[in-house]
Every structure is written in structure tokens, then in C-alpha cells.
Amino acid sequence: MDFQLSEEQQLIQQAARDFALKEVEPKAAELDRKHEFSHELFKRMADLGFTGTCFPEEYGGSGGDDISKALIVEELAKRCASTAATLSITQITPYGILKFGTEAQKKKFLPPLLSGGNLAAFALTEPQAGSDAAAARTTALADGDHFVLNGNKCFITGGAIAKTTLVFALTEPEKGLRGMSAILVEKGTPGFSAGKVEDKLGLCGSETVELFFKDCRVPKDHLLGAPGKGFPMAMELLDFARIGVAAQGLGIAERALEESVTYLNNRVQFGKPIGAQQGLSWYAAEMKVRIEALRGLVYKAAWLKSAKLPFSLDAAVAKYYGAETACFCADTALQIHGGYGYMKDMPIERLFRDSRLLKIYEGTSEVHKLVIARGVLGLK
Ligand code: COS
């Protein structure tokens, strides 16, 4: 057992830290205020190799590991959780292509997504199919050498701007979740459109849209993996995605503590820094304990994945605890900062808003308890 990051991981961590501080932090408040996604930052991250960290170089990736990817997401989330979320979520579909795609699909779809500054979207959720992902109704019926897609997807990050979107649709509707398949749809395909950018509580610097498919014809060679295997494939991809959410939670929690320490040491009330009041100093202690526990969970889940060992349960544990820790630390930091933390001039209120989605997206905390309980009890 070795708790030391490798030399390469330390270099990536430092590069991500410098980039996040110098280039992301100065823009974060404005992106949030304007509800704007920054293509420019995404392109910069592609140039730095951050958009394909844990992918092989032969497909445009950087040849790193999953811990390196988690480190990048963590550093970004400290400065702008929206940017971290976009980076993390847009790697789900490339991971699916790498894991389930044919050689031709990997060569065609991966390089523009991993190093070309293009986004990929992951479209599973529908208005009536959130936690119950198997209730999806979008269809993709075979017609000659095409699938014809009809239906809609919601809450899709980067859906309007993505070059490639992985859509989960019923190729054999009568079979329910066993008739669900995964299909790659390219931007500009006739019959494929996006709704307005959603107005959200937090993560406002990432774009979320609804997607519509109306007699959208997609060539059959855009089917990813085997027909009818879309649902378990979506579940496997969500296992990967959940390590990313856990890393976002770690970054948000660390930033909350960082801001709190400065404030506890500098804000004077009753003639002394408020950190000298035991009741308030203990908040910092509690945040630190949870952050270090979370760090262990995130890096372990990432390490398991890189080592090609089962990581589904560990990813669920890390994601659940990551969401809870981010929310706890952001809320505690707001309490420490009092009225000042409630104002938009300080980053605390943004951390507070940004943290909240972590308990909901890529599987709610309740779904995670279900997945964890099944794993612990050996039910699945
Ligand atoms: N990896 C591989 N396969 C998996 C899997 C995983 N992590 N989890 C489930 N599967 C497989 C199962 O083995 C089962 O296959 P078989 O029928 O061949 O045995 C199939 O998928 C169905 O699994 P299950 O019976 O567990 O499905 P449920 O309908 O009970 O759904 C939950 C389980 C609730 C866990 C699932 O729907 C879920 O994760 N929901 C949340 C969805 C989500 O995160 N949405 C966010 C989208 S992105 S913002």
C-alpha cells in the first residue's frame, strides 16, 4: 500500500492546480452570473490534455490513469464546479466508446472528443425516467440500414453543443430494459434538436438542455455495443461517472474549508479571531475529517478502476459521500461566514448552490444508498 501520488500524478495535479487558479478562477463568478459555458476554457483544457486524461494516446487521449483524472476534476472544482462538472460529464460517452466501441468507432469518434476541444453528451434521462432509468420511452426502430429515433431526453449537459451524443433508446420496445440500445448521434443530424438552456440553481456555468428526436435517422453502424444491452451499459458508464462526481465533491469541500480557514483566522468578533472560539474552530475540524475520509474514497475508487478491478460499489460509496461532504462543507462554510457568506461577492454562496446538485445528478443519494445496500447485502 502506498499513499504517495506518483511523480507523474503530482505533475498533473500541479498543472491542473496552476491552470485552475490562473485561468479558471478569474472567470468562475462571471460564468456563473451570466449562466455561460466557456468554450474557450474547454479548448484550453483539451490543449493541456485534460479532456482525455485516462484514455490511450492512440485515440487522442493523454495515456494517464483515473487518479490523474480525479485530481484534475478536484482541482477544477475548487475554483469552478461548473467547469469541473462539464469536464467530468463529457468523458462518459468517450469512455463508453472506448469500452464498447468497434475499432472503427474508436478511430472515428474518439480523437475529436479527447483532444479536439469537442464535447460529448450522455443522454439517458427522460422526463418520466429519472431514478427509474429503465422507464425510458425514446425509441430507435430499425428501418433498412438506419435506426429512426423518436422521443426526448432531459437534463443533458452540453447536449446542444456536443459533437457526439450517446442516446439510450428502445430498439425493441416490447422487451423493456432488455430492448434498450446505445446509439451515437452526431450534431446536425436532421430530426435532432435541443431546447433552451435550462435556468438552474447551481452549476450555472455548465449548459443543461432538453433534446428532441423526431424521425431522426442514424446509420446502424452508430450502434454502440450489442443491441439490447444499452441498460447495463448505461449502468457501467454511470459507475465511471460517479467517481467524477465524487472528485467534484472533494474539490468543493476543500475550497469551502480553504475559505473558512482564512475567515476564521481573520474575522475578529468579541476581541479575537472567530477561529479562537471553540464552537467555530470545531467546524473546521469536522470539515477536515470528512474531506480526508472522502479523499481516500475517491482515490481508492479511481485506483480500482485503473487497476481493472471491480469498482462499482466503491464508486457508489465515494459518490454518495462526496455529495454529502460537499453539501456539509459548503453549508458549514456559509454558517462560518455569516451574512458575508450569503452575499454574491464571496465564493461561498456559489459553492453552496453548486454543491446541491451532487446529491441529485448521476444518481440521487437515495439511489446510491440502494446500490450500496445491494452491494453490501450481496443482493445483486
Ligand atoms: N454494471 C453493469 N450492469 C449493471 C449495473 C452495473 N453497475 N447495475 C445494474 N446492471 C444490470 C443488472 O445486472 C441487470 O442486468 P440483468 O437483468 O441482465 O441481470 C440490469 O442492469 C438491470 O439492473 P437492475 O435490476 O438493478 O435495474 P433497476 O431497474 O432495479 O435499476 C437502479 C437500478 C435504480 C440502480 C438504476 O436504475 C439507477 O442507477 N438509476 C439512477 C439512474 C441515474 O443515475 N441517472 C442519472 C443519469 S445521468 S445525470
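Annotations
- Förster-model FRET efficiency, 51 Å R0, ASP18 and ALA373, C-beta, rounded to 0.05: 0.80
- In the distance distribution for the chain, Cα-Cα pairs more than 41 Å apart total 12 percent.
- Given LYS27/LYS359; LYS288/LYS308; LYS69/LYS99; LYS200/LYS319; LYS108/LYS305, the pairs whose alpha carbons are separated by over 28 Å: LYS288/LYS308
- Projected label points at TYR342 and ASP143, each 7 Å from Cα along the beta carbon direction, are separated by 5.7 nanometres.
- Sequence ranges 309-316, 323-330, ranked by mean other-Cβ count within 10 angstrom, highest first: 323-330, 309-316
- Highest-MSF residue in the chain out of VAL73, VAL245, VAL317 [GNM, Cα springs under 10 Å]: VAL317
- One chain, two ends: ASP221 and GLU286. Fully extended at 0.36 nm per residue, the span grows by 18.2 nm beyond their Cα-Cα distance.
- Theoretical ellipticity at 222 nm over the chain - DSSP helices of four or more residues, -39500 (n - 2.57) apiece, nearest 500: -17000 deg cm²/dmol
- Angle between the chain longest axis and helix 312-342 axis [Cα atoms, degrees, rounded to 10]: 40
- Backbone N atoms of region 226-263 closer than 17 Å to the 7 Å Cα→Cβ label point of LYS99 belong to residues 226-247.
- Length-normalised contact order for the chain - Cα pairs under 8 Å, 6+ apart - percent: 16
- In nm, spacing of pseudo-spin labels at GLN269 and ARG44 (7 Å Cα→C-beta vector): 3.7
- A protection proxy built from the mean count of other Cβ atoms within 10 Å ranks the segments 349-357, 249-257, 176-184, most packed first, as 249-257, 349-357, 176-184.
- Other residues with beta-carbon under 9 Å from the beta-carbon of ASP145 carry, at +1 per Lys or Arg and -1 per Asp or Glu, a net charge of -1.
- For the pair GLN277 and SER365, a Förster radius of 35 Å applied to the C-beta separation gives a FRET efficiency near 0.65, rounded to the nearest 0.05.
- Size of region 253-380 as Cα extents on the principal axes (Å, biggest first): 58, 25, 23
- One decimal place: the segment ALA293-GLU186 gains 34.5 nm when fully extended, by the rule 0.36 nm per residue minus the C-alpha distance.
- Cα gyration tensor shape for region 1-137, rounded if a/c is under 1.5, else prolate or oblate: oblate
- The local environment of SER260, defined by Cβ-Cβ distances under 12 Å, has a net charge of -2 under the rule Lys, Arg +1 and Asp, Glu -1.
- Sites matching GluC sites (Glu not before Pro) across region 105-210 that sit in DSSP coil, with at most 16 neighbouring C-beta atoms within 10 Å: GLU198
- Site pair ASP199 and THR262 shows an inter-label distance of 3.1 nm when each label is modelled 7 Å from Cα along Cα→Cβ.
- Summary value for region 251-366: 28 percent relative contact order, contacts being C-alpha pairs under 8 angstrom separated by 6+ residues.
- Cα-only Debye scattering, region 129-190: base-10 log of I(q)/I(0) at q = 0.28, 0.30 Å⁻¹: -1.32, -1.39
Read-outs: derived from the displayed coordinates by stated rules, not from any lab. Worth saying up front: this structure is predicted, and the values here are computed from it rather than measured. Quick reminder, even Gly has a Cβ in these numbers, built from the backbone with ideal geometry, and neighbours come from all protein chains shown.
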